[in-house]
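Chemist: Take this structure first; my questions come after.
Coordinate-derived values only; no laboratory data. Note that the structure is a prediction, hence the values are computed from the model and not measured. No Cβ is skipped: glycine too gets one built from the backbone with ideal geometry, and neighbour counts run over all protein chains shown.
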Amino acid sequence: MNEARWREKTAHGKIVCRLCPRGCVIQEDSPGFCGARKNIAGSLHSLAYGRPAAIALDPIEKKPLYHFYPGASTISLGTLGCNMRCPHCQNASLSFAAPEDFLSIPLRQPETIADEAIKNGSRIISWTYNEPLVWAEYVLESARAAREKGISSVLVTAGLANPEPWAELLPVLDACCLDIKGWGDGLYKKLTGFPGFEYVLQNAVSAFDSGCHLEIVTNLMSGWNDDDASLLAIAEWIGTRLSPDVPWHITASRPAHRLMDLAPTPPGTIERAAALGRKAGLRHVYGGNIHNKKLQETLCPQCAAALIRREGFLVRENLITQNGRCPHCETEIYGRF
Ligand code: SF4
């Protein structure tokens, strides 16, 4: 177990965790809300440090990242625990595991993760599956060590972090795939169990401003976050506070966790949301988890030529030049290619 950072001691052996805005006040021998940090004998420990519960080789498109080395593979890691309680969680077996389950996972030193990527023929590590902020110390050390070996790091996150740890993570990250789950604190409370909307927006801005490659994801759930006003608000915010070039992935949800009776999001809802995104001026809007090849294509924002054609997570054709331009009109395309 590793001593956790971003914490303060209070009187009577309690510790306030400052990693995320929940700010858990943790008494001795108890875990924080996420289950990944625990007060042991008056010190805060990261139970998740070095304990990857899932490792797999994925296409980068699965994160989803469409403008970050399209067609590349990425070694993907997740641990246990989560600082949210989304009723539709797609990875509940990881996110809501018991804190004692960490101990059954073999320990991996941070320097070994880049070697795992190289061994699998990948140049990218993705911190994903559960919320990776819960093992921020390990992500930070692993990503720093990986960069020295020329390996990139991607954070797939809901962005519910305090500004200080977030600012420490950004310099070691090459790309971030960040959820904006809905519009407004009320909806965030319903969707994640915590009204952290402003933290998420602020962290998206600081990620973009830092030069980290950024793509935004919104998973649509019928009747929860799929109304026109909310979708337009998200799209307009991306276009004005980030950039119209930042890709927006609108994905269909499937029945999961506590919402097993929620019908899968109809393709028409994704298509309507994509139209709103384009109406708001976004240049790269994608639909995910539905069969619609047109909503998976990357188009040149200038001449509208199809530059990348995809089928599922496979890249069928990629015409973007090595210096990231449209081969027809030479317009620069946002991303790393
Ligand atoms: S990271 Fe975990 S322990 Fe720390 S404040 Fe957030 S939920 Fe609580």
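Chemist: Under 1.5 on a/c is rounded, so check that first for region 227-337, then, if it is not, pick prolate when a/b is larger than b/c and oblate when it is not; a ≥ b ≥ c are the square roots of the alpha carbon gyration tensor eigenvalues.
Modeler: Verdict is oblate for region 227-337.
Chemist: Quick check: Cα centre of region 239-261 to Cα centre of region 127-197, how many Å?
Modeler: Here the answer is 16 Å between Cα centres.
Chemist: Right, something else. Under 5 Å between amide H atoms, partner at least 5 residues away or on a different chain: which partners does R336 have, H built in plane at 1.01 Å?
Modeler: The list, which skips near neighbours in sequence, is F68, Y69.
Chemist: Additional query: I'd like the orientation of helix 136-148 relative to the chain: the angle between its Cα long axis and the longest Cα principal axis, in ° from 0 to 90, rounded to 10.
Modeler: With rounding to tens, the tilt is 60 degrees.
Chemist: Which value in Å is the Kirkwood Rh of region 1-133 over different Cα pairs?
Modeler: Hydrodynamic radius (Kirkwood, Cα pairs) of region 1-133 is 15.9 Å.
Chemist: How large is Rg over Rh for region 99-211, taking Rg from the Cα atoms and Rh as the Kirkwood inverse mean of 1/r across Cα pairs?
Modeler: Computed over Cα atoms, the ratio is 1.00.
Chemist: Only Lys, Arg, Asp and Glu count, each charged at its Cβ (+1, +1, -1, -1), so figure out the dipole size of region 146-189 about its Cα centre, rounded to 20 debye.
Modeler: 140
Chemist: Moving to a separate point now. Between 0 and 90 degrees, rounded to the nearest ten: what's the tilt of helix 267-279 against the longest Cα principal axis of the chain?
Modeler: In the chain, helix 267-279 runs at an angle near 80 degrees to the longest axis.
Chemist: Over region 286-327, one equal point on each Cα, no solvent: what is log10 I(q)/I(0) by the Debye formula at q = 0.18 Å⁻¹?
Modeler: Debye curve over Cα of region 286-327, log10 I(q)/I(0) at q = 0.18 Å⁻¹: -0.49.
Chemist: Considering the dipole of region 222-284 built from charges on the beta carbon (Lys and Arg +1, Asp and Glu -1) around the Cα centre, which of A233, H257, V246 is farthest to its positive end?
Modeler: Among A233, H257, V246, the one farthest towards the positive end of the dipole of region 222-284 is V246.
Chemist: Can you compute the helix-only [θ] at 222 nm over the chain? Use -39500 (n - 2.57) per DSSP H run of at least 4 residues, normalise by all residues, nearest 500 deg cm²/dmol.
Modeler: Helix contribution divided over all residues of the chain: -6500 deg cm²/dmol.
Chemist: Whole-Hz ³J(HN,Hα) for each residue in region 321-327, computed from phi via Karplus 6.51 cos²θ - 1.76 cosθ + 1.60 with θ = phi - 60°, x for glycine and proline: what do you get?
Modeler: So the J values, rounded to whole Hz, are 6, 5, 8, x, 10, 5, x.
Chemist: In whole Å, how far is the Cα centre of region 1-35 from that of region 89-103?
Modeler: 19
Chemist: What are the radius of gyration and Dmax of the chain, computed over its Cα atoms and given in Å?
Modeler: My reading of the Cα-based Rg and Dmax gives 19.7, 67 Å.
Chemist: Note the angle between two axes, namely the Cα long axis of helix 197-209 and the longest principal axis of the Cα atoms of the chain, as a number of degrees from 0 to 90, rounded to the nearest 10.
Modeler: 70
Chemist: Can you compute 3J(HN,Hα) from phi for each residue in region 221-232, using the Karplus curve 6.51 cos²θ - 1.76 cosθ + 1.60 with θ = phi - 60°, rounded to whole Hz and x for Gly and Pro?
Modeler: Taking θ as phi minus 60°, the curve returns 10, 4, x, 9, 9, 10, 7, 4, 4, 5, 5, 5 Hz for region 221-232.
Chemist: Just how many pairs of Lys in the chain have C-alpha atoms closer than 18 Å, counting pairs that are eight or more places apart or on different chains?
Modeler: Lysine pair count for the chain: 11.
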